[in-house]
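K.L.:
Questions regarding the structure given below will be posed in turn.
Each value in this text was obtained by applying a stated rule to the coordinates, not by laboratory testing. Treat the numbers as computed from the prediction; the structure is a model and nothing was measured. In this analysis, Cβ positions are derived from the backbone assuming ideal geometry, glycine residues included, and neighbour counts consider all displayed protein chains.
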Number of protein chains: 2
Amino acid sequence: MTSNLQNLWSEVRELTLGTTSQIDRLHTPPTPLQFLRHYLSQNKPFILSASVATTLQWPATTLWSSTSYLLHRLSSSTVSLHLTPTGNADSLTLNPSSTSLCFASAHVQKTSFSDAIDAINGSCKHNGLGGGFVAYAQQQNDCFREEYGELSGDIDSDVSWATEAIGGLPDAVNLWIGNELSETSFHKDHYENLYAVVTGEKHFLLLPPTDVHRMYVRKYPAAHYIYSEETGEFKLEMENPPRNVPWCSVNPYPSPENKEKEMSEFPLYHNGPKPFEVTVKAGEILYLPSMWFHHVRQTPDSRGLTIAVNYWYDMQFDIKYAYFNFLQSLPAPHEPTSHSHLTNENASDGDQKHIEESTFL
Amino acid sequence: MTSNLQNLWSEVRELTLGTTSQIDRLHTPPTPLQFLRHYLSQNKPFILSASVATTLQWPATTLWSSTSYLLHRLSSSTVSLHLTPTGNADSLTLNPSSTSLCFASAHVQKTSFSDAIDAINGSCKHNGLGGGFVAYAQQQNDCFREEYGELSGDIDSDVSWATEAIGGLPDAVNLWIGNELSETSFHKDHYENLYAVVTGEKHFLLLPPTDVHRMYVRKYPAAHYIYSEETGEFKLEMENPPRNVPWCSVNPYPSPENKEKEMSEFPLYHNGPKPFEVTVKAGEILYLPSMWFHHVRQTPDSRGLTIAVNYWYDMQFDIKYAYFNFLQSLPAPHEPTSHSHLTNENASDGDQKHIEESTFL
């Protein structure tokens, strides 16, 4: 079984994705037919360089470099701010009441935009001695259109070639304002994702859905951070009633002291084909296909911010999706058969759409 | 493993293909974007009704109903004629020197078109007592453009919406002239297939590539018929050096006396979801997606002929293809692991492209 899986991982790279860690780079936007034929239908990512025909023509690319412009336009807006002790939300962390891991969501609070900017700029990892937090203005609930309507004239309301190819407008448009302290752990979304960076840079690691066993998707009990402004302390509270979330176990950047342990615990990830590495710069757009596992870090611009907008389009639940679910239903190599609990989509990993259901739908 | 496979077979139907034995029917041709979005990219078949916008506008639809027109235009043409004792070419038959099965190809001869028509009209299954043959004018080597050039003005040289969607002209255009005695056994092709019927009807059984284990693809020694005009007898000659051909073992229409045996030998086929059933009538076009298993029978027009043209377009060897090869590499339920010899595409079943390589490429 391991060798069948290994063949799959190599074959999808040899046939279509390429065997380096680079993805295709386009210098002009694809036509809708080209996008469908070469990328969407093949579930294959690409990056679109900045050019007059891409996001570079957005007013946002210049306007949003000015924090005072943003503060002025959003002076009466309330936005969702995610607070975590160290910049890792929706990620695995030690369960406070035991030595096992849990899936921790951020403390989410609604604040004025100017408070959000202050919080992001004032972010500093909690050092365990009291004080410190990392703030990330984002909410994957169509937050750009919901919370940042005052900026709507600054960007396109959709990606025209994607809209025409897919045959419908985006389901959600999300804005992300953060800095280098925030990091998004490996997960996948049930959306076709067009990810545009406006200022700063985003660094993606990408793995195709064929590599699902390399992610060591396991179920973790859900918890969320609660932040007290008074004490400046975080409390990690387990959800009650308890809920299990299937999530990727792999940390692609383990600390030096954990590296050996991670490598022996997750050998299929660490010894298999390297993930695709993509840096998306200001003015560039990444097509991040549905069901691809992605891990995201960021570099801020000169004023210390990374701003990005992503468009989520409906995916087709077609034969590729059926194949994926079948693949995922097979027990991982060298794991007890009980892991085949991940038989159906209800138990799919990192499913942002489902996890966010309560807030998003 | 059986239940994982069964889940796959149901899920692909529930998600995308439908749970009846019908496929989508369109009444007007899709745009290239619609074709790509809803069918090609999803590896999903459909039938296009006859309408002014489809093959019905071909001169062929009226002209080819006249045998004298065909005889006149093709008076100096040489065509490939396939002869078999009972109308089954590229199918399994008893190996004459043993009680096991072999994969038998037709006796192929080049004849004048008028001799071909005489042979098709004079077809009559060999009764085992001497005499009789079934003739089928066809050759999957781009025969329409190679052998029937005189008719090229009567049909479109391509299917315009498919050409635009796929981004290239057909690799091959094949003509098929036969009658109800010829039947094509279950197999798949590595092409996107647009199958247009000009006169008579074709009856397809279709199964998606996800159902590969239900086809009981096994390796059979290759043989070919040799027909002697003098004696009117067929000889089945094993290929030398021996060559094994992976082929589908299932006969969807077993004779009453064989039915019980077939059902117990191939339970996954006979007890699983029914194949999709499609009758393509004159003027209609079937989109038969790459890698789909298909079995074909036909009904002739009033003069006793079925004439069809199919366009083979290049397929994308993409993530769907990688998933298929992975699926096929898994041992069939309740079969010894040795069957996992079908690990790679070199051993794929019913691979018309590879089998025909010597004549086609």
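K.L.:
Using a Gaussian network for chain A with springs between C-alpha atoms less than 10 Å apart, which of these wobbles most: A:285, A:47, A:166?
P.N.:
Looking only at A:285, A:47, A:166, the largest GNM fluctuation is found for A:166.
K.L.:
May I pose another question? Of A:325, A:258, A:310, which is the most mobile in a GNM of chain A whose springs link Cα atoms less than 10 angstrom apart?
P.N.:
A:258
K.L.:
Okay, moving on. Could I have the simple spin-label model distance between residue B:226 and residue A:21, label points 7 Å from Cα toward Cβ, reported in nm to one decimal?
P.N.:
In this crude label model, residue B:226 to residue A:21 measures out at 6.1 nm.
K.L.:
How high is the FRET efficiency between residue A:303 and residue A:100 when r is their beta carbon distance and R₀ equals 30 Å, given to the nearest 0.05?
P.N.:
0.15
K.L.:
Just subtract the alpha-carbon distance of residue A:150 and residue A:10 from 0.36 nm times their residue separation and send over the number in nm, one decimal.
P.N.:
That pair, residue A:150 and residue A:10, stretches by 45.7 nm at full extension.
K.L.:
Still on this structure, I have one more. Which distances, in nm and shortest first, link the residue A:168 label point to the same label point in every other copy, taking 7 Å along Cα→Cβ?
P.N.:
Label-point separations across copies, in nm and ascending: 3.2.
K.L.:
Given bins 10 angstrom wide, list per bin the percent of all Cα-Cα distances in the stretch A:1-71, short to long.
P.N.:
Pairs per bin, as whole percents: 16, 31, 24, 17, 9, 2.
K.L.:
So, with +1 on the Cβ of K and R and -1 on the Cβ of D and E, and no other charges, what is the size of the charge dipole of the protein assembly as shown about its Cα centre, to the nearest 20 debye?
P.N.:
I would put it at about 500 debye.
K.L.:
Let me ask something else about it. Mind checking which of A:131, B:268, A:310 is farthest towards the positive end of the protein assembly as shown's charge dipole, using Cβ charges of +1 (Lys, Arg) and -1 (Asp, Glu) about the Cα centre?
P.N.:
B:268
K.L.:
To continue, here is another question. Take chain B, connect every pair of alpha-carbon atoms lying under 10 Å apart with a spring to form a Gaussian network, then pick out the residue of B:63, B:268, B:15 with the largest mean-square fluctuation.
P.N.:
B:15
K.L.:
Under the 0.36 nm per residue contour assumption, what length would be gained going from the current alpha-carbon distance of residue A:261 and residue A:28 to full extension?
P.N.:
Answer, rounded to one decimal: 79.5 nm.
K.L.:
Lys/Arg Cβ at +1, Asp/Glu Cβ at -1, dipole of chain B taken about the Cα centre: which of B:252, B:319, B:6 is farthest positive-ward?
P.N.:
Highest projection toward the positive end goes to B:6.
K.L.:
In the structure displayed, which of A:125/A:281; A:44/B:188; B:202/B:235; B:44/B:274; A:125/A:202; A:188/A:235 lie more than 22 Å apart, Cα to Cα?
P.N.:
Exceeds cut-off: A:125/A:281; A:44/B:188; B:202/B:235; A:188/A:235.
K.L.:
Sort shortest first the distances from residue A:302 to its counterpart in every other copy, using label points 7 Å along the Cα-to-beta-carbon line, and give them in nm.
P.N.:
Residue A:302 label point versus its equivalents elsewhere: 8.4 nm.
K.L.:
In debye to the nearest 20, how big a dipole does the stretch A:2-351 give about its Cα centre with +1 on each Lys and Arg Cβ and -1 on each Asp and Glu Cβ?
P.N.:
600 debye
K.L.:
Give or take rounding to whole Å, what are the principal axis extents of the alpha carbon atoms in the protein assembly as shown, in descending order?
P.N.:
The Cα atoms of the protein assembly as shown stretch 103, 51, 39 Å along their principal axes.
K.L.:
Tell me the distances, shortest first, between residue A:239 and the same position across the other copies, using label points 7 Å along Cα→Cβ, in nm to one decimal.
P.N.:
So the distances to the same position in the other copies read 5.7 nm.
K.L.:
When only C-alpha pairs under 8 Å and at least 6 residues apart count, what is the relative contact order of chain A, in percent?
P.N.:
Across chain A, relative contact order equals 24 percent.
K.L.:
Moving on to the next point. Which value in nm describes the separation of the simple spin-label points at residue A:2 and residue B:219, placed 7 Å from the Cα toward the beta carbon?
P.N.:
Distance between label points: 2.6 nm.
K.L.:
So which GluC sites (Glu not before Pro) in the stretch A:231-318 pass both tests, a DSSP loop state and at most 13 other Cβ atoms within 10 Å of the Cβ?
P.N.:
Counting only loop positions with at most 13 other Cβ atoms within 10 Å, none of the GluC sites (Glu not before Pro) in the stretch A:231-318 qualifies.
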